[in-house]
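Have a look at the structure below, then the notes.
The values are calculated or read from the model by the stated rules, or taken from the named source; none is laboratory data. Keep in mind the model is a prediction, meaning the values are calculated, not measured. Glycine gets a Cβ as well: all are built from the backbone with ideal geometry, and neighbour counts include every protein chain shown.
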């Protein structure tokens, strides 16, 4: 009797059901936890993602289990067993609710002033989206379907919420690897970008000092989100979700009349949604979905996406530098790959290495925030083609 | 628009379409921003560059951070003149001797301390 109880208990532990795939995934999760905690690579996202990864790969934990229904005698489905807690939270990702909410907070945190002061930086934000489409073609060549290739390409947007939004709509089975690749590379922007930027520019170009930006009036700052939403959403209705929420958050900020909700949007709300988004996205990386050759291809293509985006932005910056007669420092072009504000900081650091009295940060913020708008629009294009 | 799998040619079409829509959208936005600037932004009157020679009382300074000190004094002068540091040129900084008698200084220190 007593032995029976012990035997029953032992067979209910996870150790019995543990496979080598689970162990590998637990190892990967711990590695990402290490990167988040010790190396502090995007810890606000990488930590919840990697812990979600850990939770979902513990056998019999059932956190991501689907609810079980059975058809009753009345012919209607009845709930037999509840799903796991992360399954329910994941619906926010699956139904496309969390990414727009994150964008609301991002909008509230973003100052579009540098962009309004220098509208040409929008072109740099567009050029850097080239990485998305190059990678898309690369993924097509490797045999991914159109939907999958579009989701992989969007990694080059260097924008986590956009990548998750598009992938959850087009290729939800790839969500885990794509989110992990997108956030890992965003954390690695200071490593990936500088060699490319240096290879493509001359020392003289890197030393160009830019004129101080003009001050921006309040009315311009208030009109910007409103007009951008109307124009952008009319042009590309499928981008309305992301673009609209981004601009709403920004209007909270610039209008100056809704201080309370502005504070909530940029603090509590975005933090809460980030926790849910991170943990549940991490929880999609179950061993059977993640340990595939596809994942390695996605990680490699993601790297390509970032590199091409950076190069395209820098090259376009060079062209604009020539056309403007040397008034624009091409280093700000690489900031066009969103990854706010890391990419702008990289432009600043690389520029300052050549010329310690050069301050490119505010100039690079223009293309940087333009990149967010650009990748939301690129996502809208892909969604309207493949959705 | 496309089937399950797409060919490289179709991929190129998507790329061309995607990049052009992105560019068009952002160019339209940047033109709109130009319009906003024309409508609502008035160039502020450029203050003429003025050369100010002003004696500034200065604290004891270490030799090695003189540059920093000059920057601080320049910023302070600019702030007190309510202009930007771009509009002034610092040519010379002279130390002004403190003429307050010792008793006066002691009184001032006492006053200040009593407020904390």
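Remarks
- Only one of the listed residues (A:172, A:161, A:177) is away from chain B (no Cβ under 12 Å), surrounded by fewer than 24 Cβ atoms within 10 Å (Cβ to Cβ) and more than 15 Å from residue B:22 (Cα to Cα). That residue is A:172.
- Out of A:161, A:177, A:215, A:190, sole residue that is assigned to a helix (DSSP H, G or I) and over 20 Å from residue A:280 (Cα atoms): A:190
- Of all residues in segment B:1-11 being in a helix (DSSP H, G or I) and at the interface with chain A (Cβ under 7 Å from one of its Cβ atoms), the one that is farthest from the chain's Cα centre (by Cα): B:8
- A single member of B:68, B:58 is exposed (fewer than 13 other Cβ atoms within 10 Å of the Cβ) and either more than 14 Å from every other protein chain (Cβ to nearest Cβ) or at pLDDT 75 or above (or both), and it is B:68.
- Residue among A:194, A:215 that is touching a helix residue (DSSP H, G or I) at 6+ places or on another chain (Cβ under 8 Å), assigned by the TED database to the domain that holds residue A:351 and modelled with pLDDT under 90: A:215
- Some residue of segment B:87-96 being in a helix (DSSP H, G or I), in the same structural domain as residue B:66 (by TED's automatic domain parsing) and either out of contact with any helix residue (DSSP H, G or I) (no Cβ under 6 Å at 6 or more places or on another chain) or surrounded by 10 or more Cβ atoms within 10 Å (Cβ to Cβ) (or both): yes
- For residue A:89, the conditions (1) out of contact with any helix residue (DSSP H, G or I) (no Cβ under 9 Å at 6 or more places or on another chain); (2) assigned by the TED database to the domain that holds residue A:219 are fulfilled apart from (1).
- All of A:110, A:73 fail the test of being under 25 Å from residue A:305 (Cβ atoms) and more than 8 Å from every other protein chain (Cβ to nearest Cβ), apart from A:110.
- If the condition is being more than 9 Å from every other protein chain (Cβ to nearest Cβ) and part of a helix (DSSP H, G or I), then segment A:139-152 contributes A:148, A:151, A:152.
- Some residue of segment A:315-338 being touching a residue at least 40 places away in the same chain (Cβ under 8 Å), under 16 Å from the mean Cα position of the chain (by Cα) and part of a loop (DSSP other than H, G, I, E, B): yes
- Applying the criterion of at least 2 residues that are farther than 20 Å from residue A:95 by Cα and touching a helix residue (DSSP H, G or I) at 6+ places or on another chain (Cβ under 8 Å) to the helices (runs of 4 or more DSSP H) found wholly in segment A:248-304 leaves A:259-264, A:287-290.
- Of the helices (runs of 4 or more DSSP H) contained entirely in segment A:1-101, those carrying at least 2 residues that are under 27 Å from the mean Cα position of the chain (by Cα) fall at A:20-37, A:43-56, A:85-94.
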